[in-house]
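Quick notes on the structure that follows.
The values are calculated or read from the model by the stated rules, or taken from the named source; none is laboratory data. As the structure is a prediction and not an experimental result, all values here were calculated from the model. Backbone-built Cβ (ideal geometry, glycine too); neighbour counts: all protein chains shown.
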Amino acid sequence: MARDKALRPDGFPALFYQDFWEMVKLDIIDIFEEFFDGTLEIERIKYAQVVLIPKTQGANTVYQFRL
């Protein structure tokens with residue numbers, strides 16, 4: 001996989017994990033351990049927050065925002 005390609009439109013590229021691994025690794029390891037132990041509270045990870053960043057000033061259509 002290329003470092004700057006995401007697996008899906010809302011996913012993080014490999015570059016993110018490679019550059020920030022020291023910061024996120026314990027959280028990711030904890031999630032996998034809880035999953036395998038059967039104690040993962042899925043509500044913690046099944047929500048998302050979407051922030052639209054305008055490409056142009058006064059953006060008013062979805063195509064004028066970065067997704």
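Taking region 1-53 as the search range and keeping residues that are out of contact with any Asp or Glu (no Cβ under 8 Å at 6 or more places or on another chain), loosely packed, with under 10 Cβ neighbours inside 10 Å and among the small types (G, A, S), which one is modelled with the highest pLDDT?
Looking at the filtered set, the residue picked out is G38.
Return the pair list, or none, for Cβ contacts closer than 8 Å from residues in region 25-45 that are closer than 24 Å to A14 by Cα to residues that are surrounded by fewer than 10 Cβ atoms within 10 Å (Cβ to Cβ), at least 6 apart or on different chains.
Here the result reads E34/E41, each pair linking region 25-45 to a residue that is surrounded by fewer than 10 Cβ atoms within 10 Å (Cβ to Cβ).
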